[in-house]
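One structure is given below, encoded as structure tokens.
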Amino acid sequence: MSTIEQLGDLDEIPDLGYAHRIRNVSERELHSVRRMGKTKRSERMRQENVAKQAAMLAQQITAQIDSQEVFDFAYQASRHERGWILDSLGGFYEQRWLDDVIRLVKGGKEANVYLCQTNESVKGLNQPYLAAKVYRPRLFRSLKNDHLYREGRVNLDEDGREITNDGMQHAMRKKTEYGRELLHTSWIEHEVKTLQILQQAGADVPRVFASGNNAILMSYIGDKDLAAPVLHSVRLNAQEARRHFERVLHNIELMLRNQRIHGDLSAFNILYWQGEITLIDFPQAIDPLVNRNAFPIFERDVIRVCEYFARQGVKSNLRRLANDIWKAHHLKEIPDVHPALLDASDVQDRCYWQRWVEKDG
Ligand SMILES: Nc1ncnc2c1ncn2[C@@H]1O[C@H](COP(=O)(O)OP(=O)(O)OP(=O)(O)O)[C@@H](O)[C@H]1O
Ligand SMILES: [Mg+2]
């Protein structure tokens, strides 16, 4: 029950209004009480007792509510951010997934990621920490090119189910405020669904534990003091570079086999920790069988990855590699694509997505 509902119950307690009155009783009223007859006085005393008890009960309930529902965390957030965290992660706290938000791992363009302390009850998962990705509420509202990724995609509701309701579909088509909220939720649910599918398929991705309220709770890569760095900031020796390059290609193929293309893959969305890689950040993942923009998006992913590894000494023929993998999976190249995707200068630019937002937003 929410705080407000519990306080609503307090109003039902008889004589609580009276408790308030006796606290503000005037001298004149007291005088008249003293002058009352014995029966009247004892009745008044009885009422006072009831009122006192009601006031005590009110105090107890308030204290209970405070200790139960106020999610107090160690991370020193600004007032605004605090509200945002409470809103998004309060549910996970109540469901006993986490005990604490320890610090901000990174504020990204789409979301903030926080390091959280796992609750005792889920210690069996062998995850002392969890990563909470909390989406920025308004980001996608200015994103015009989302249609490139949404092509052929069904929209998902907050439970990850396809939205079939006519009214909701109409709201999304018309991009009303409600429709934008639905689309925003759908992006998050697509990230959740993709992570779940890929995790089950054995890809190197974080495991999702819970989602909702604009946030995803997943396994955290790193330790208490240091989150895993992104591959872009790591220098690899030749042997390591070759091994990880092959592992990334393995993941790319695994994704294709599971009808997924990352859509924003680069050394900025691959974490490196204790000699292993983890692919992250999947809201824009697409299905190669339904999205007509699939090949250039796929090619861009492969090229970005190859370019990072080329700097680490692993040479490859970028475009041929993308073509070869694509054909090996019996996928057809469909020429009807958005011209922006063919702009080769975007390939190296990690702010590519951001620039689209600025250009079109
Ligand atoms: N599971 C995780 N464990 C540890 N760190 C993570 C995890 N997920 C994300 N991060 C960190 O948070 C950052 C942002 O996450 P993500 O890439 O999913 O969001 P984003 O908003 O797209 O960010 P960006 O704009 O940097 O791409 C990552 O670059 C990484 O440093
Ligand atoms: Mg990212």
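The values are calculated or read from the model by the stated rules, or taken from the named source; none is laboratory data. Note that the structure is a prediction, hence the values are computed from the model and not measured. As a convention, Cβ positions derive from the backbone with ideal geometry for all residues, glycine included, and neighbour counts pool all protein chains shown. These accessible areas exclude ligands, DNA and RNA; they are computed on the full protein's heavy atoms, side chains included. Shrake-Rupley method; radii C 1.70, N 1.55, O 1.52, S 1.80 Å.
Sequentially through the range 312-326, phi angles give Karplus couplings (6.51, -1.76, 1.60; θ = phi - 60°) of 9, x, 9, 8, 7, 8, 3, 5, 5, 4, 4, 4, 4, 4, 4 Hz, Gly and Pro residues having no value and appearing as x. With a ≥ b ≥ c the root eigenvalues of the C-alpha gyration tensor of the range 146-279, is it rounded (a/c under 1.5), prolate (a/b larger than b/c) or oblate? Note, shape of the range 146-279 comes out prolate. Listed values for the range 198-208 are Karplus-derived 3J(HN,Hα) couplings in whole Hz (6.51 cos²θ - 1.76 cosθ + 1.60, θ = phi - 60°), namely 5, 5, 5, 7, x, 6, 8, 9, x, 8, 8, and x replaces Gly and Pro. Tell me whether the range 79-166 comes out rounded, prolate or oblate; compute the Cα gyration tensor, take square roots of the eigenvalues as a ≥ b ≥ c, and use a/c under 1.5 as the rounded threshold. Prolate, since a/c reaches 1.5 and a/b exceeds b/c. Annotation for Gln259 and His232: the two label points, set 7 Å from Cα along the Cα-Cβ direction, are 3.1 nm apart.
Computing the accessible area with a 1.4 Å probe over protein heavy atoms, can you report the carbon and sulfur percentage for the range 167-270?
Details: 2090 of 4650 Å².
Carbon with sulfur: 45 percent of the solvent-accessible area.
For the range 112-223, the per residue solvent-accessible surface stands at 45 Å², with DNA, RNA and ligands left out and a 1.4 Å probe. Working ranking of peptides 266-279, 149-162 by packing, defined as the average number of other Cβ atoms within 10 Å per residue, highest first, is 266-279, 149-162. 3J(HN,Hα) couplings calculated from phi for the range 276-291 with the Karplus curve 6.51 cos²θ - 1.76 cosθ + 1.60 (θ = phi - 60°) are, in sequence order, 10, 10, 9, 8, 10, 6, 10, x, 9, 4, 10, 9, x, 7, 10, 9 Hz; Gly and Pro show x. Cross-link check: pairs Lys109/Lys133; Lys123/Lys224; Lys193/Lys327; Lys133/Lys174; Lys106/Lys224 evaluated at a Cα-Cα cut-off of 18 Å; pairs beyond the cut-off: Lys193/Lys327; Lys133/Lys174. When the Cα atoms of the range 215-257 are aligned to their principal axes, the ranges along those axes come out at 30, 29, 13 Å in descending order. Taking every alpha-carbon pair under 8 Å whose residues sit at least 6 apart, the range 125-255 reaches a relative contact order of 27 percent.
Shape verdict for the range 219-285, please, from the Cα gyration tensor: rounded (a/c under 1.5), prolate (a/b greater than b/c) or oblate. Cα axes put the range 219-285 in the oblate bin.
Mind ranking 315-324, 199-208 by how tightly packed they are, going by the mean number of other C-beta atoms within 10 angstrom, highest first? List each step's numbers first, then the result.
Working: 315-324: 14.1, 199-208: 16.9.
In decreasing order of mean packing, 315-324, 199-208 become 199-208, 315-324.
Once you put a point 7 Å from the Cα of Val290 and another 7 Å from the Cα of Arg161, both along the Cβ direction, what distance in nm separates them? The answer from the label model is 1.7 nm.
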